[in-house]
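What follows draws every value from the coordinates through simple rules; no lab data is involved. Nothing here was measured: the structure is a model prediction, and the numbers come from that model. So basically every Cβ, Gly included, is an ideal-geometry build from the backbone, and we count neighbours across all protein chains shown.
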Amino acid sequence: CATRYKDFVFLTSKSSEEVAEAFKSIYNNPDKPLNWPRKLQCDKGTEFMGYVTLLMDEHGVEIRRIIARFRHTSLAMVDRYAGLFELRVFKNQYSIEFLLPTGKRCRECERFARKIVDNMNDSPTRLIGMSPNDATKLEQIYSKPSVKYNRPIGVDEPQLPKGTTIRFLLAPGEWENDPFERRRITDPIWSPSLHKIRKIVVGKNPPMPILYYLDESGPQRPFVREQLMHIKEEPMLPPRFVRLDSSDLVGEKKGRFGNVDCHYIQRPSLTLHCIHLDVIPPRI
């Protein structure tokens with residue numbers, strides 16, 4: 001991960017046995033020998049269980065399974081690499097298939113992909129200032145932060161103590177549990193529920209911001225300071241005239257809607273504490 005070294009293996013299925021064989025072909029390649037990592041970060045998919053877990057235990061690799069939904073920072077480099085891979089490889093694949101007769105497919109995708117990935121590994125990256133092939137030869141690599149902060153971060157960053165009451169910033173689609181992660185205009189910005197800070201993690205790398213983990217009732221992903229709203233006082237209910245009972249508001253009256261005589265039923269809203277007027281057309 002620190003070296004930004006990239007490799008690939010085409011799979012025919014998402015079985016854990018085939019994924020384990022793909023890991024073996026990458027790290028046991030005699031042409032490009034690589035050391036097995038100390039930690040493997042992946043999602044909770046079944047393709048990384050079973051044979052993959054046994055293989056990583058055999059080589060002493062710790063597996064960290066994260067919740068990838070509503071959180072893309074942990075797999076940002078993988079997502080970026082996958083996007084570049086699809087853009088550069090499959091555009092060549094499709095450009096050849098457009099010239100072939102109908103029904104025929106190009107089978108040279110792996111040849112294109114190998115040249116493109118080798119070019120990525122030979123090109124310097126911005127954050128480490130060198131190519132991934134050169135970075136694999138070093139024992140220690142310093143990486144620049146991908147996000148620039150206009151405030152102190154790391155050890156010098158002011159911390160929120162444990163047990164602090166907060167609201168967290170809702171991710172797009174999290175309020176309605178949208179599988180496509182789309183934010184609607186009616187979705188709130190901050191969580192209506194209150195939570196407590198359960199754990200604080202200060203990274204070993206100085207440019208890393210402090211990560212906050214919430215209690216069991218909240219999301220299990222980490223948050224930075226900008227994603228938390230500090231609630232210093234206990235929430236107060238609105239005044240009495242806003243919280244009128246339904247018996248004080250329900251009623252019926254007559255009126256005109258344009259040139260039409262209508263009946264208006266006055267009822268309370270249970271969520272917004274405002275009054276709705278339902279227009280009922282007159283009987284003919």
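Of note:
- Residue check for Thr125: in contact (Cβ under 8 Å) with a residue 12 or more places away in the chain, of a type in the set (Val, Ile, Thr) and in a loop (DSSP other than H, G, I, E, B): yes
- Whichever residue in segment 28-63 is among the small types (Gly, Ala, Ser) and surrounded by 11 or more Cβ atoms within 10 Å (Cβ to Cβ) and, among such residues, is nearest to Ala2 (Cα to Cα): Gly45
- When the residues of segment 160-208 are filtered to those that are surrounded by fewer than 14 Cβ atoms within 10 Å (Cβ to Cβ) and hydroxyl-bearing (Ser, Thr, Tyr), the one that is nearest to Asn150 (Cα to Cα) is Ser193.
- Each residue in segment 6-56 was checked for being under 25 Å from Asn119 (Cβ atoms), in contact with a Lys or Arg (Cβ under 9 Å, 6 or more places away or on another chain) and part of a loop (DSSP other than H, G, I, E, B), and 2 pass.
- Among the residues of segment 100-121, the ones that are in contact with a Cys (Cβ under 7 Å, 6 or more places away or on another chain) and under 15 Å from Lys6 (Cβ atoms) come to 0 in all.
- If the condition is being exposed (fewer than 13 other Cβ atoms within 10 Å of the Cβ) and not β-branched (Val, Ile, Thr), then segment 98-110 contributes Phe98, Leu99, Leu100, Pro101, Gly103, Lys104, Arg105, Arg107, Glu108, Glu110.
- Where a residue in segment 107-120 is closer than 11 Å to Val9 by Cβ and its partner, wherever it lies, is part of a helix (DSSP H, G or I) and of a type in the set (Lys, Arg), with Cβ under 6 Å and at least six apart: none
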